[in-house]
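Trainee: The structure's right below; bear with me while I get my questions together.
The values are calculated or read from the model by the stated rules, or taken from the named source; none is laboratory data. Because the structure is a prediction, the values reported are computed rather than measured. Positions of Cβ are generated from backbone atoms using ideal geometry, with glycine treated the same way; all protein chains shown enter the neighbour counts. These accessible areas exclude ligands, DNA and RNA; they are computed on the full protein's heavy atoms, side chains included. Shrake-Rupley method; radii C 1.70, N 1.55, O 1.52, S 1.80 Å.
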Amino acid sequence: ADEDSLTPLNKVTLPAEIVNLTVVLPRFSDEGIYKLNVSTDKQGKNVVASATGNTGHADAGRVTLPVTLDLRNAKAGSYFLATVRGTDNGTYYYPLQIK
């Protein structure tokens, strides 16, 4: 499907400071080590913040990724939040707004 025709994801808003996040990964995600990147583009070429974490389980068997992300150097604006699976670089992108 054309990327523009897909249902848009809700934009997450985070402050430009150090934040502790618990990200619920997509259904059927594998356990393991993931990297969480914040970039200005979907290609991940301009990463402004990054963190690595090991998955855990939340209620109903959902896989969660707890990380601490330092966003103090990010300027206010629109970004992409990407989860990158360490074993094969499988990546999912989410819209992100930094205040």
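Trainee: Using the structure shown, select from LYS11/LYS42; LYS11/LYS35; LYS42/LYS99 the pairs with a Cα to Cα distance greater than 18 angstrom. Spell out each step's value before the answer.
Mentor: Numbers: LYS11/LYS42 14 Å; LYS11/LYS35 20 Å; LYS42/LYS99 20 Å.
Listed pairs above 18 Å: LYS11/LYS35; LYS42/LYS99.
Trainee: So, with a 1.4 angstrom probe, what is the percent of accessible area on the chain that is carbon and sulfur? Could you put the intermediate results ahead of the total?
Mentor: Working: 3050 of 6460 Å².
Here carbon and sulfur together make up 47 percent of the probe-accessible area.
Trainee: A further question follows. Which of the peptides 12-25, 31-44 is most tightly packed, and how do the rest follow, judged by the mean count of other Cβ atoms within 10 Å per residue?
Mentor: Packing proxy ranking, top to bottom: 31-44, 12-25.
Trainee: Rounded to whole Hz and in sequence order, give me ³J(HN,Hα) for segment 74-81 from the Karplus expression 6.51 cos²θ - 1.76 cosθ + 1.60, θ = phi - 60°, writing x for Gly and Pro.
Mentor: Once θ is set to phi - 60°, the couplings for segment 74-81 become 7, 7, 4, x, 8, 9, 10, 9 Hz.
Trainee: Let me ask something else. Please work out which option in [x] 35, 31, 30; [y] 35, 35, 24; [z] 44, 34, 29 gives Cα extents along the principal axes in Å calculated from these coordinates, and answer with its label.
Mentor: Label [y] holds the value from this structure.
Trainee: Here's a follow-up. Which net charge results when you count Lys and Arg as +1 and Asp and Glu as -1 among the other residues whose beta-carbon is under 15 Å from that of ALA16? Don't jump to the answer; show the numbers that get you there.
Mentor: On the way: positive: ARG72, LYS75, LYS99; negative: GLU17, ASP70.
Surrounding charge for ALA16 is +1.
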